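Scroll down for the structure; my scribbles are underneath it.
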Amino acid sequence: MDEEITDEIKRHILRKLVKHRVWQHKHTSIHNLPKGLPDHLRSRKEVRKAVDDLLKTGFLLSKPTSYGLEVSLDVRKKKEIEYFVDLGYQRFLKK
């Protein structure tokens, strides 16, 4: 159950960053990632876990700044990111 929630949070974050074209040198604050999630998911520790997992897999690139951590999508993993996002969409259609 928790893994399904974490995967949905990951898809939400990736979908949002793809939609806003936050690739490589365009960054956004890590605090903007949970925005748009339902309130019951936004404050959970699964959000932090999902972001950490995305950083470890290399889907997200981090850029430390003086005002906080900034993240962007890795353009070298574009196909994998799009596949991961589309996989969630296909699961939604099957339900």
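Tell me, which residue of the range 1-41 that is within 12 Å of the chain's Cα centre (by Cα) and charged (D, E, K, R) is surrounded by the fewest Cβ atoms within 10 Å (Cβ to Cβ)?
Lys19
Taking the condition part of a helix (DSSP H, G or I), basic (Lys, Arg) and in contact (Cβ under 8 Å) with a residue 40 or more places away in the chain, does Arg15 pass?
yes
Considering only residues that are loosely packed, with under 14 Cβ neighbours inside 10 Å and touching a strand residue (DSSP E or B) at 6+ places or on another chain (Cβ under 8 Å), look in the range 68-77 and name the one that is modelled with the lowest pLDDT.
Among those residues, the one meeting the criterion is Gly68.
Does the range 42-57 include one or more residues that are more than 13 Å from the chain's Cα centre (by Cα), modelled with pLDDT of 90 or more, surrounded by fewer than 16 Cβ atoms within 10 Å (Cβ to Cβ) and over 23 Å from Leu87 (Cβ atoms)?
Scanning the range 42-57 turns up no residue that is more than 13 Å from the chain's Cα centre (by Cα), modelled with pLDDT of 90 or more, surrounded by fewer than 16 Cβ atoms within 10 Å (Cβ to Cβ) and over 23 Å from Leu87 (Cβ atoms).
The values are calculated or read from the model by the stated rules, or taken from the named source; none is laboratory data. Values in this document were obtained by computation on a predicted structure and should not be read as measured data. Heads up, the Cβs are rebuilt from the backbone with ideal geometry, glycines too, and the neighbour counts pull from every protein chain shown.
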